[in-house]
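Undergrad: Below are the structure tokens for one structure; questions will follow.
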Amino acid sequence: MAEMASLWIVRHGESTANVAATAAETSGAELIDLTHRDADVPLSATGEEQARATGRWLAGLPDSQRPDVAVVSPYLRAVRTAELALDGTGIPTSVDERLRDRELGILDGLTGHGVTRRYPEEAQRRTRLGKFYYRPPGGESWTDVALRLRALLGDLRRDHDGGRVLLFGHDALVFLLRYLVEGLTEAELMALTREHVIANCSVTGWHADDSGRLVPDVFNDVVHLHQQGATPTREDEVHAEPV
């Protein structure tokens, strides 16, 4: 089977919605103060700083490690992160809708408290089905997102055999790429989501071993932000799901 030489995913920089969601969860509000649809949420000033720092890190990589191609979520916060991080690199870039964030349907814009108050039946259904399989009305389950990522990985392996591929996306995608690339079980994946919060502009990656199989290299790493003088953020997960 064709395989890439390396695969990385960078979560987008801090967005204005990240800031608003953290404030809403902390205050116990039911609604997150959002002024844009999810696809149009911009980066915060801190997020732009993080993206530029990621760009300085990429520029410092040796030619043998630098990505050959970048594929980006169509959501503005990811597009802007890629623009700032890849500025001047000459790395060919394309947008793929399969890298978009998980769609939350009727729960979009609600905090965990808001879901429990406004949709108690959904909160109960989510508890019964579990995070992995629960699909909010009008939205996606984690398995739905995994299906589109499986298709994307197949295309990347075919089109970039032996290449070094860099993705720009969202926190759920980071977890699900580990699930798909490393062959994790549902229990192992859910344990990861309980133990880790994916940091803005963190780097997760895999490299091909001697057998040609992708193996973990780095996970949720923000050392480059510290090295480049940027401020890391690790906000709580705010996917508008009951806790």
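Undergrad: When DSSP beta bridges are limited to those with both residues in the chain, what percentage is antiparallel, rounded to the nearest 5? It would help to have the intermediate numbers written out before the result.
TA: On the way: 13 of 26 bridges.
Given both bridge residues lie in the chain, the antiparallel proportion sits at roughly 50 percent.
Undergrad: Related question: Given the rule -39500 (n - 2.57) for each run of at least 4 DSSP H residues, summed and divided by the residues of the chain, what is its mean residue ellipticity at 222 nm, to the nearest 500 deg cm²/dmol?
TA: On the way: 9 runs with 100 residues, N = 243.
It lands at -12500 deg cm²/dmol.
Undergrad: Roughly how many debye, to the nearest 20, is the charge dipole of the chain about its Cα centre, given +1 on each Lys and Arg Cβ, -1 on each Asp and Glu Cβ, and no other charges? Don't jump to the answer; show the numbers that get you there.
TA: Values: 26 positive and 38 negative charges, 57 e Å.
Using only the charged Cβ atoms, the result is roughly 280 debye.
Undergrad: If one takes the longest principal axis of the Cα atoms in the chain, at what angle in degrees, from 0 to 90 and to the nearest 10, does the Cα axis of helix 142-159 lie?
TA: That works out to roughly 10 degrees.
Undergrad: So which chymotrypsin sites (Phe, Trp or Tyr not before Pro) in the range 6-82 end up in coil per DSSP with only 14 or fewer other C-beta atoms within 10 Å? Please report the intermediate quantities before stating the final value.
TA: On the way: sites: 8, 57, 75; in loops: 75.
Sparse-neighbourhood loop chymotrypsin sites (Phe, Trp or Tyr not before Pro): none present.
Undergrad: Now a separate question. Quick check: from the Cα gyration tensor, does the range 110-243 come out rounded (a/c under 1.5), prolate or oblate? Numbers along the way, then the final one.
TA: On the way: a/c = 2.36, a/b = 1.46, b/c = 1.62.
In terms of gyration-tensor shape, oblate.
Undergrad: As a test of reading the structure, rank 194, 135, 126 by solvent-accessible area (1.4 Å probe, protein chains only), most first. Write down the numbers at each step before the final one.
TA: Values: 194 180, 135 115, 126 40 Å².
These residues rank, largest area first, as 194, 135, 126.
Undergrad: Let me ask something else. Kindly express, to the nearest 10 degrees and within the range 0 to 90, the angle between helix 186-195's C-alpha long axis and the longest C-alpha principal axis of the chain.
TA: With both axes taken from Cα atoms, the answer is about 80 degrees.
Undergrad: Tell me the angle of helix 171-182 to the major Cα principal axis of the chain, expressed in degrees between 0 and 90 and rounded to the nearest ten.
TA: 60 degrees
Undergrad: What order do 213, 11 take when sorted by accessible area (1.4 Å probe), most exposed first? Spell out each step's value before the answer.
TA: Numbers: 213 140, 11 10 Å².
The ordering from most to least exposed comes out as 213, 11.
Undergrad: How much accessible area per residue does the range 5-89 have, in Å², with a 1.4 Å probe?
TA: Averaged over the residues of the range 5-89, the accessible area is 42 Å².
Undergrad: Would you work out if the range 98-146 is rounded, prolate or oblate? Take a ≥ b ≥ c from the square roots of the eigenvalues of the alpha-carbon gyration tensor; rounded if a/c is under 1.5, else prolate when a/b is larger than b/c, oblate otherwise. Mind showing how you got there, number by number?
TA: Numbers: a/c = 2.50, a/b = 1.42, b/c = 1.76.
It comes out oblate by the Cα gyration axes.
Undergrad: Of all the accessible heavy-atom surface of the chain, with the other protein chains kept in place and a 1.4 Å probe, what percent is carbon and sulfur?
TA: Numbers: 5290 of 10860 Å².
The nonpolar share, carbon plus sulfur, comes to 49 percent.
Undergrad: If N is the number of residues in the range 1-115, what value comes out of its Cα radius of gyration divided by 2.2 N^0.38 Å? Intermediate values should be presented prior to the final figure.
TA: Numbers: Rg = 16.4 Å, N = 115, 2.2 N^0.38 = 13.4 Å.
Relative to the rule-of-thumb radius for its length, the range 1-115 sits at 1.23.
The values are calculated or read from the model by the stated rules, or taken from the named source; none is laboratory data. Predicted, not measured: the structure shown is a model, and the values here were computed from it. Neighbour counts are summed over all protein chains in view; Cβ atoms, including those assigned to glycine, are modelled from backbone coordinates with ideal geometry. Side chains are part of the model used for accessible areas, which takes the heavy atoms of the whole protein and leaves out ligands, DNA and RNA. Shrake-Rupley method; radii C 1.70, N 1.55, O 1.52, S 1.80 Å.
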